[in-house]
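Computed from the coordinates by the stated procedures, all read-outs in this text should not be read as laboratory data. Small disclaimer: the values here were computed from a predicted structure and weren't measured. Glycine gets a Cβ as well: all are built from the backbone with ideal geometry, and neighbour counts include every protein chain shown.
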Amino acid sequence: MKDEIKSDYAVETRALVKSYYRGGVSFNAVDGIDLQVKPGEFVAIMGASGSGKSTALHLIAGLTRATSGDVYVEGERLSSLSDRALTIFRRRRLGIVFQSYNLIPHLTAEENVLFPLRADGRKLDESTRDKLRALMRELELEEQLSQYPDALSGGQQQRVALGRALIGEPAVILADEPTGNLDWTSSQRICAIFDKLNREEGRAIILVTHEPAVAIWSSRVVVLQDGRVVSDIPRAAYADASELAARYQELARVGAER
Ligand SMILES: Nc1ncnc2c1ncn2[C@@H]1O[C@H](COP(=O)(O)OP(=O)(O)OP(=O)(O)O)[C@@H](O)[C@H]1O
Ligand SMILES: [Mg+2]
């Protein structure tokens, strides 16, 4: 049997394709993406609505199976895992955050954060409690521990969702428009948390966003169009959010003319 090709990246996709049917016709929502994200790298994914950002992120998260090609997360090839193994892998190794916070309404903030550990059948020992306290302090949620989601602001709910994603200490964090429902201040606060997780804790982050002001926190902006990578812009290539926005709009203009 052929040796399986390994990956040293935090996340790597190879010739990744996802096909869907629209009006009885098959099309590729993700159309051959080769993406390499190093351990400790922070990558933003931008692109017009429908360009395949969420589909790509869901493939990387193992929430959707690829039509062809491969996804490796920390060297593990997702297509070689059974559905059950993939669920466990996702819970233990990935931190995933969405635009909608998806909190469980009848659980308190603290219980929501602890949910993945409970789902994994883990006991709450003293070291887990210490970790929880440190995490809630870092997310500035100490006052909200026993509150239910409907009593929390959007920014607070998203920080609880981040806590839930982080409690298992994943090396890779995936976020699909995590600031999409938030005002400027709450949004930048979430970005600052991602920045800290990346810089101080060395976690790899892939964050999908429409907003240049969010994308500038990353070290690299990957732009998708029609399911393909059309640009890969390093942080050094622009000074601020408005320069990134100008560059991004230029790409969209050229894309529309093609
Ligand atoms: N489950 C599905 N079945 C059929 N088509 C789908 C499915 N999911 C996504 N698509 C299509 O695939 C394409 C890419 O969708 P995707 O959600 O990845 O875009 P996106 O870049 O995340 O857009 P947005 O910025 O609006 O969130 C779109 O044309 C969408 O309609
Ligand atoms: Mg999307």
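Side notes on the structure shown:
- Here the Karplus curve 6.51 cos²θ - 1.76 cosθ + 1.60, taken at θ = phi - 60°, turns the phi angles of the range 48-61 into couplings of 4, 4, x, 7, x, 4, 5, 4, 4, 5, 5, 5, 5, 6 Hz, with x standing for Gly and Pro.
- Available extension along the chain between Arg137 and Gln249 is 36.4 nm, counting 0.36 nm per residue and deducting the alpha carbon span.
- Residues whose amide H falls under 5 Å from that of Gln225, counting only those 5 or more places apart or on a different chain, are Val230, with hydrogens built in the peptide plane.
- Across every direction, the projection of the convex hull enclosing the Cα atoms of the range 11-164 has a mean area of 11.2 nm².
- Ranked by the mean number of other Cβ atoms within 10 Å per residue, highest first, peptides 191-197, 164-170 order as 164-170, 191-197.
- Working ranking of peptides 132-142, 77-87, 36-46, 52-62 by packing, defined as the average number of other Cβ atoms within 10 Å per residue, highest first, is 52-62, 36-46, 132-142, 77-87.
- Placing R0 at 51 angstrom, the Cβ-Cβ distance between Ala85 and Asp130 gives a FRET efficiency of 0.95 after rounding to 0.05.
- Shape parameters for the chain, alpha-carbon atoms, Rg then Dmax in Å: 18.5, 60
- Farthest positive-ward along the range 11-257 dipole, Cα basis, beta-carbon charges - from Phe89, Pro149, Ala134: Phe89
- Leu145/Asp34 FRET efficiency (R0 45 Å; Cβ-Cβ; nearest 0.05): 0.55
- With contributions of -39500 (n - 2.57) from each DSSP H run of at least four residues, the per-residue ellipticity at 222 nm computed over the chain stands at -11000 deg cm²/dmol.
- Taking every alpha-carbon pair under 8 Å whose residues sit at least 6 apart, the range 11-257 reaches a relative contact order of 27 percent.
- Taking the C-alpha atoms only, the angle from helix 126-138 to the longest principal axis of the chain is near 60 degrees.
- Positive-end residue, the range 11-257 charge dipole about Cα centroid, Cβ charges, pick of Gln36, Asn112, Leu16: Leu16
- The calculated FRET efficiency for the pair Ala237 and Thr67, based on their C-beta separation and a Förster distance of 25 Å, comes to about 0.15.
- Summarising the amide proton neighbourhood of Gln99: residues at separation of 5 or more, or on other chains, whose placed amide H is nearer than 5 Å comprise Asp176.
- HN-Hα J in Hz across the range 111-119 - Karplus 6.51, -1.76, 1.60, θ = phi - 60°, x for Gly and Pro: 5, 4, 5, 7, 3, x, 5, 5, 4
- Full extension of the chain segment joining Ser153 with Glu169 gains 3.3 nm, where the gain is 0.36 nm per residue of separation less the Cα-Cα distance.
- Rounded to the nearest Hz, the phi-derived 3J(HN,Hα) couplings of the range 245-255 under the Karplus curve 6.51 cos²θ - 1.76 cosθ + 1.60 (θ = phi - 60°) are 4, 5, 5, 5, 5, 4, 4, 5, 5, 4, x, where x marks glycine and proline.
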